[in-house]
Amino acid sequence: MKSRLPVIILVFFLISGSFFFSCRKAEVRYDLVIKNGRVFDGSGNPWFRADIGIKGARIVAVSGRIDPGKATRVIEAEGLAVAPGFIDIHTHADRDLLDIPGCENYISQGVTTLVGGNCGDHDFPLGELFSGIEKKGIACNFASLAGHNTIRRQVMGLKMEAPTAEEMMRMKDLLRQEMLAGAVGLSTGLAYLPGTYSRTEELVELASVLSAVGGFYASHIRNQGKKITEAIEEAITIGEKNGIPVQISHIKLADEDVWNQLERITAPVEAARTRGVEVTMDQYPYTATSSGFTSSLPQDVFEGGREKFLERLQNPEVYSRVKQAVIRSRLTSNRGIDKLETIYLANSRKFPEYEGKNLKQILELRGKPATVENGADLIIDLVKEGDVSAIFFQMDERDVEALMRLPYVMIGSDGGLQVAGQGSPHPRSYGTFTRILGEYVRQRHIITLEEAIRKMTCLPAQTMRLKERGMIREGYYADLTIFDPLEVKDAATYAEPHQHSRGVVYVLVNGRPVLEKGKFTGARPGMIIRGPAFGKK
C-alpha cells in the first residue's frame with residue numbers, strides 16, 4: 001500500500017494541475033483592455049471610471065478593474081476620455097468612399113460611422129455600392145439613406161410635373177428595392193433638383209413604403225429662411241401620416257431676416273413631439289453653409305436638363321429674370337452686409353484658381369467692378385460651367401449656440417471625404433466634432449461634455465435604430481474614441497481647411513485601432529450597417 005501512495009499522490013497532482021490549467025484556459029481573455037479612462041457611455045449620464053475589455057469586434061466587459069494580464073494588449077487611458085465612436089448622421093461620404101477608404105478627415109475627429117445618401121441623393125443602386133465597399137474595405141462603418149432626388153431622376157428625369165400613377169408605382173418599387181438592399185431610410189433634398197419639383201402629396205405617398213419596411217425620413221427642407229416653419233411642418237406631415245421618425249437635416253436660420261427667431265423652429269417641432277411625432281434634427285457648428293449655386297436660380301429654368309437650361313439663357317427676358325432672382329436670393333442684404341465678400345468658391349474643376357476666393361476677389365481677377373449686377377452674372381456663369389460648390393456665410397452665431405442647447409438636436413457635419421490639398425472645402429469636413437468638444441464645450445460652456453457626446457453617439461444611434469452601437473455597453477460593438485478633453489480641438493479653418501483635428505488619441509472601429517497615438521494605422525475594419533428591411537422579401 002505504501003508503495004502505491006506516491007503514485008496516487010502523483011495522479012492527484014496531475015489531475016489537479018490539469019483542472020487548474022483547464023480553468024485558467026476557460027477564463028475570459030481579452031484582445032484589448034482600455035484601462036483607467038474616464039468613461040462617457042453615451043447616455044448623457046456623468047462619466048465614471050472603468051476599464052473596458054474587448055474581444056474581437058465587441059465590448060465584453062465594462063468593469064471597475066480588469067487584470068491587464070488577461071489582455072493581449074493594453075491601452076493606458078489615464079487622464080483621457082473614453083467615449084463611443086462618433087456617429088455622423090449627415091454626410092456625403094458616399095460620393096468618394098471607394099476612392100478615399102481610409103476616411104482620414106473623419107477618423108481624426110473620432111468619427112467611426114458615416115451616414116450617406118443625404119439631401120435626396122444616393123449612390124444608385126445601393127447594392128452595388130455596398131458590394132464594392134465590402135470588397136475594398138473601409139476604415140469607418142457606413143450606412144446610407146435612399147435619396148428621393150435620385151429615385152425621381154431615375155423615373156422622371158427633370159420633369160416638373162407630378163408623377164403619374166405608373167411613375168409613382170415605379171418610384172415606390174425603386175425605394176423598396178433600395179430599402180431591401182439595406183438603406184436605413186429615405187432622404188429628400190427639396191431645395192435641389194428634381195426634389196424642388198415635388199409636392200407634399202408625392203412625398204407622403206413615396207414615404208409610405210417605409211411604413212411597411214421600417215426606416216426614418218430625413219429632409220433637407222424646402223426653406224431655411226422666412227418660410228422655415230412651413231418647411232418643417234411639411235416634413236412633419238410626411239412622417240406623421242406614415243408613422244415614421246422625422247429627422248430635419250442641418251437645421252439653421254439661414255436668412256438674416258429671421259436671425260434670432262428660434263421659435264420658427266422650436267414651435268412646430270415641439271408641438272409635433274407633444275402629440276407623439278418623433279422629430280429630431282442635426283446641426284454643424286459653423287455660421288457658413290456650403291452647396292452649389294443651382295438653388296439660387298429659378299428652378300423652372302432647369303426643367304429638361306442642362307441643354308434646355310443653356311438654351312433658355314439665350315433669351316434676354318429669361319436671363320434678366322434669372323439674374324434678378326440671383327440678386328434677391330444671394331446678393332441682397334437688409335443689414336448692409338456685402339454679400340460679395342461672404343460667398344467663397346470651394347471647388348471648381350474649370351476654375352481652380354478661384355478656389356478659396358470670394359466673389360469680390362474673383363471679379364477683381366476678371367477685371368470687373370465688384371457690383372451686385374456683376375456678381376449675379378458671375379454666379380450664372382459659374383452655374384453654366386457646372387460642378388461648382390461654394391461657401392456661404394449666412395447664419396448668426398447666437399442661433400448656432402441656441403440650437404445646440406436643444407435636447408433633440410444632434411451633430412452632423414454635412415461634409416464629405418477629402419483629399420489633402422484638393423480644393424478649398426468647408427472646414428466642417430475636418431473639424432465638426434472636435435470643434436464641438438473644444439470650442440462649445442471647453443471654451444464657451446454651451447453644453448456639457450456628457451451632453452455633447454450624447455448628441456454624437458446615443459442620439460443618432462437611437463434615431464436610426466442602430467443595434468448595439470452608440471453606447472459603451474457589454475455586448476455592443478467596440479467603436480470607441482479616446483481623446484484628451486483638455487486638448488481636443490479642430491484645426492481646420494476657412495482659409496486653411498485641410499488640417500486634421502488635434503487631441504484625439506485613439507479611435508477603434510469594431511475593436512481594431514484605426515488611429516493610434518494620433519497616427520493612422522491603415523486598418524480597414526469598417527462594416528456596412530444595413531437598415532431594418534435588409535434580408536426581407
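Among Ser295, Ser501, a tally of other beta-carbon atoms within 10 Å of each Cβ gives an order, fewest to most, of Ser295, Ser501. Counting every other Cβ atom within 10 Å of each residue's Cβ, Met160, Met410, Met281 order from fewest to most as Met160, Met281, Met410. Each of Val507, Val514 has some number of other Cβ atoms within 10 Å of its Cβ, and from fewest to most they run Val514, Val507. Separation of the stretch 129-186 from the stretch 397-470 is 26 Å, based on Cα centroids. Computed about the Cα centre, the dipole magnitude for the chain is approximately 2060 debye when only Lys and Arg (+1) and Asp and Glu (-1) carry charge, each at its Cβ. Of all DSSP bridge pairs formed entirely within the chain, close to 55 percent run antiparallel. Calculate log10 I(q)/I(0) of the stretch 292-393 for q = 0.23 Å⁻¹, where I(q) comes from the Debye formula with a single equal point scatterer on each Cα and nothing for solvent. Values, matching the q order: -1.32.
The stretch 60-82 and the stretch 237-262 have their alpha-carbon centroids 42 Å apart.
Between the helical axis of 316-330 and the longest alpha-carbon principal axis of the chain there is an angle of about 50 degrees. Ranking Leu210, His500, Ile528 by Cα position along the charge dipole of the chain, where only Lys, Arg, Asp and Glu carry charges on their C-beta atoms, puts Ile528 farthest toward the positive end. The C-alpha atoms of the chain define a longest principal axis, and helix 263-274 lies at about 50 degrees to it. For the charge dipole of the stretch 350-399, defined by +1 on Lys and Arg C-beta atoms and -1 on Asp and Glu C-beta atoms about the Cα centroid, which residue among Ala390, Pro369, Phe351 has the Cα displaced farthest towards the positive pole? Comparing the listed Cα positions along the dipole, Pro369 ranks first. So if the hydrodynamic radius of the chain is defined as the Kirkwood radius over C-alpha pairs, what does Stokes-Einstein give as its diffusion coefficient at 20 °C and 1.002 mPa s, in µm² per second? The diffusion coefficient I find is 87 µm²/s. Of the trypsin sites (Lys or Arg not before Pro) found in the stretch 306-377, those that fall in a DSSP loop while having at most 13 other beta-carbon atoms within 10 Å are Arg335, Arg349, Lys350, Arg366. Is the shape of the stretch 186-319 rounded, prolate or oblate, going by the alpha carbon gyration tensor and its root eigenvalues a ≥ b ≥ c, with a/c under 1.5 for rounded and a/b larger than b/c for prolate? Note, shape of the stretch 186-319 comes out oblate. With contacts taken as Cα pairs under 8 Å and at least 6 residues apart, the stretch 137-268 reaches a relative contact order of 22 percent. When only the Cβ of Lys, Arg, Asp and Glu is charged (+1, +1, -1, -1), the dipole of the stretch 292-393 relative to its Cα centre reaches about 180 debye. Residue farthest toward the positive end of the dipole of the chain, with Cβ of Lys/Arg at +1 and Asp/Glu at -1: which of Cys103, Leu313, Ile482? Going by the charge dipole, the pick is Ile482. Once the Cα atoms are used to define both axes, helix 126-136 deviates from the longest principal axis of the chain by about 50 degrees. Local charge for His122 was computed over the other residues whose Cβ lies under 9 Å away, with Lys and Arg +1 and Asp and Glu -1, and equals -4. In a DSSP loop and with at most 10 other Cβ atoms within 10 Å, the GluC sites (Glu not before Pro) in the stretch 96-196 are Glu161.
3J(HN,Hα) couplings calculated from phi for the stretch 443-456 with the Karplus curve 6.51 cos²θ - 1.76 cosθ + 1.60 (θ = phi - 60°) are, in sequence order, 7, 9, 6, 6, 9, 7, 5, 4, 5, 4, 5, 4, 5, 9 Hz; Gly and Pro show x.
Sparse packing (at most 14 other Cβ atoms within 10 Å of the Cβ) combined with a DSSP loop state is found for the following trypsin sites (Lys or Arg not before Pro) in the stretch 450-483: Arg465, Lys467. The calculated FRET efficiency for the pair Ser320 and Glu78, based on their C-beta separation and a Förster distance of 51 Å, comes to about 0.15. Put a plus charge on the Cβ of each Lys and Arg, a minus charge on the Cβ of each Asp and Glu, and nothing anywhere else: the dipole of the stretch 83-215 about its Cα centre is then about 80 debye.
Values in this text are rule-based calculations from the coordinates and carry no lab data. Here the structure is a predicted model, which means the values were calculated and not measured. FYI the Cβ positions are ideal-geometry reconstructions off the backbone, even for glycines, and counts take in every protein chain you see.
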